[in-house]
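A short worksheet on the structure shown next.
The values are calculated or read from the model by the stated rules, or taken from the named source; none is laboratory data. Note that the structure is predicted; figures quoted are calculated from it, not measured. No Cβ is skipped: glycine too gets one built from the backbone with ideal geometry, and neighbour counts run over all protein chains shown. Surface areas here come from the heavy atoms of the whole protein model, side chains and all, with no ligands, DNA or RNA. Shrake-Rupley method; radii C 1.70, N 1.55, O 1.52, S 1.80 Å.
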Amino acid sequence: MIVKTRSLYSRAPHRLFRCQPLALLLVLLMSPLGALHSAEYFVSLEGRDENNGTAREQAFRTIQKGLDTIKDGDTLTILPGEYFGNVRRENLGSLEVETLIRAELPGTVVIRGDVSAPLFTLVEGSRFTYGANFDQPAQAVIKQDSLNILESAPQKSDLEFMPGRSFYDAEAKRLYLSPPDMQAPEAGRYTVSVVKNHGLFLHEPVRVVVDGLVFSGFSGNGLLLGSPTNCVVRNCTAYLNSNGLVANSGLFERYQVSEEGLPNYGKLLKREAGVGPGGNVIEFSRGYGNYSERDGAGGNIVIFHPFGDTIRNSEAFRSLTHGIRHYGAISGPAILLDNLSWGNGINDLHIKGGDAPKFSRVERCITLGPMHATHVSHSIIGAENRYDSNPGKDNIFYNIEAFEIRDREFADPDNHDFHLQSTSIFRAAAPDGSGRGPFPYQANIFYVTPGGNDEADGLSLANAWSTLAKALPGLKPGDTLYLSPGEYDLKIET
């Protein structure tokens with residue numbers, strides 16, 4: 001069971017799936033024999049690239065050494081820590097066996113493209129321009145505490161009139177900024193992006209899983225999969241990069257990589273059924289604060305030119321461009337399932353391009369701003385849907401229908417819990433008799449308020465209980481209890 005203080009708790013509405021022992025046994029028995037002979041390699045901040053990498057005590061020092069070493073079907077396990085610089089690998093993996101790149105503990109491996117900012121001082125004769133010595137080419141200045149990326153101004157003198165910009169004088173090796181909040185830099189936390197390309201770039205990977213990694217501070221994408229086939233990005237986070245988690249499923253006549261690791265896309269080919277990359281999944285992942293004015297097509301979590309690609313159970317927020325999107329020459333299924341996206345500058349959720357009206361599908365997604373897509377079902381559409389102004393009656397238009405009454409309709413909307421209360425007008429209101437929105441009503445969320453009634457059923461704020469003595473003894477595994485603000489006596493009669 002879960003006990004929460006209403007409006008003081010936040011968690012994305014992800015769903016968990018567990019493999020049962022019998023199913024796991026069948027998977028193992030059906031796996032290719034080659035998978036039983038795969039190797040595991042380790043990377044650690046305490047390691048050395050001269051090691052063989054086959055044990056924690058013999059770990060490599062750099063992720064690049066690990067990527068260069070693993071073969072199809074191997075596992076690369078990265079131990080906790082912050083790893084600086086970009087890494088890349090070409091032609092990794094095969095359809096016959098799964099290749100895994102993972103954090104030993106999801107979320108504890110951070111691949112960074114930024115460094116701590118120098119000490120800035122006010123430039124003499126200015127009001128808002130601060131400068132510091134800096135001996136590396138600065139791609140952008142990042143204000144970590146407010147999720148601001150301070151991209152370059154045309155010239156240093158513009159900083160007085162352009163808050164939230166930076167300028168690097170390569171000849172003088174001086175870095176300048178104008179704080180977005182007009183406060184002295186020491187009042188915030190700043191870093192400087194110094195890596196020009198992507199955090200992790202896998203070129204033409206096949207059946208590769210990237211699990212549990214975090215990417216931050218890159219002037220390219222945090223993660224880029226170029227022409228991937230049947231790959232999975234799982235439990236990953238990207239924040240404050242030019243773009244976040246990105247896969248380009250396009251099939252190209254030429255697709256080369258420059259010395260800097262940047263993709264040079266050739267002619268995009270017309271697909272035939274079952275030909276070329278695609279079939280990729282981004283799941284249980286998060287992107288926030290990713291933005292570049294040089295790439296308005298990007299955003300937090302993006303799949304370009306999808307061909308049977310899915311983004312699911314993921315969350316995106318606070319990009320100045322897009323939250324979660326499929327975009328480009330869509331020639332196969334482009335699917336969004338069980339996602340939450342909010343506070344993005346252009347779209348929270350977006351599917352556009354190619355045969356999008358034929359192939360796009362959105363189910364059980366939540367946006368607090370625009371959701372532009374066709375074939376939307378059982379979702380919450382925050383502001384508008386330009387591509388389908390009258391989607392199915394199983395959806396909820398949040399700003400129009402629900403915003404003013406949200407506290408009596410949803411469990412905790414201010415913290416993005418949109419499960420229905422028992423008294424909600426959206427319960428059993430879809431044409432097929434199901435509930436509108438992403439969550440079918442279940443009688444497993446209970447409410448306590450100081451002015452409640454212990455004789456009520458406790459399944460809504462209108463029928464909330466008044467005491468913990470009533471609420472706690474009857475809770476079962478899987479139940480949730482919300483407490484409204486107030487004072488409660490913890491004494492429970494036994």
- [ ] Return the sequence-ordered ³J(HN,Hα) values of the range 437-444 in whole Hz as given by the Karplus equation 6.51 cos²θ - 1.76 cosθ + 1.60 applied to θ = phi - 60°, using x for Gly and Pro.
- [x] x, x, 10, x, 5, 9, 8, 10
Task: Cα pair distances in the range 241-352, grouped into 10 Å bins until the bin that holds the longest one, percent each - done: 16, 45, 32, 7
TODO: Ignoring everything but the protein chains, give the 1.4 Å probe accessible area of residue 61 in square angstrom, nearest 10.
DONE: 90 Å²
Task: Heavy atoms of residue 108 accessible to a 1.4 Å probe, total area in Å² rounded to 10 - done: 50 Å²
Open item on the list: For 318, 386, give me the order by solvent-accessible area with a 1.4 Å probe, most accessible first, ignoring ligands, DNA and RNA.
Closed with: 386, 318
Task: Sparse-neighbour loop sites [trypsin sites (Lys or Arg not before Pro); the range 427-494; at most 12 other C-beta within 10 Å; DSSP] - done: 491
TODO: Provide the per-residue ³J(HN,Hα) series for the range 399-410, in order, calculated from phi with Karplus coefficients 6.51, -1.76, 1.60 and θ = phi - 60°, each as a whole number of Hz, with x at glycine and proline positions.
DONE: 5, 8, 9, 10, 4, 5, 10, 4, 5, 9, 9, 10
- [ ] Give the dimensionless ratio obtained when the Cα radius of gyration of the range 356-481 is divided by 2.2 N^0.38 Å.
- [x] 1.18
- [ ] Pick out, in residue order, every one of the trypsin sites (Lys or Arg not before Pro) in the range 181-250 that is DSSP loop and has at most 16 other C-beta atoms within 10 Å; say none if there are none.
- [x] 189, 196
Task: Rg(Cα) / (2.2 N^0.38 Å) computed for the chain, rounded to two decimals - done: 1.07
Open item on the list: I'd like the Karplus ³J(HN,Hα) series for the range 461-473: coefficients 6.51, -1.76, 1.60, θ = phi - 60°, whole numbers in Hz, and an x wherever there's a Gly or Pro.
Closed with: 5, 5, 10, 6, 6, 10, 10, 6, 4, 7, 7, 5, x
Open item on the list: Tell me the angle of helix 21-30 to the major Cα principal axis of the chain, expressed in degrees between 0 and 90 and rounded to the nearest ten.
Closed with: 30 degrees
TODO: Just flag the GluC sites (Glu not before Pro) in the range 79-154 sitting in loop per DSSP whose Cβ has no more than 13 other Cβ atoms within 10 Å.
DONE: 96, 124
Open item on the list: Can you sort 186, 404 by solvent-accessible area, 1.4 Å probe, largest first?
Closed with: 404, 186
Task: 377, 38, 292, reordered so the largest accessible area comes first (probe 1.4 Å) - done: 38, 377, 292
Open item on the list: Using only DSSP helix segments of four residues or longer, with each worth -39500 (n - 2.57), what per-residue ellipticity at 222 nm results for the chain after dividing by its residue count and rounding to 500?
Closed with: -1500 deg cm²/dmol
Open item on the list: If you split all Cα-Cα distances of the range 160-319 into 10 Å bins from zero, what percentages do you get per bin, shortest first?
Closed with: 10, 35, 31, 15, 7, 1
Open item on the list: Return the equivalent ellipsoid semi-axes of the range 406-452 as a descending list in whole Å, where each equals the square root of 5 times an eigenvalue of the C-alpha gyration tensor.
Closed with: 20, 11, 9
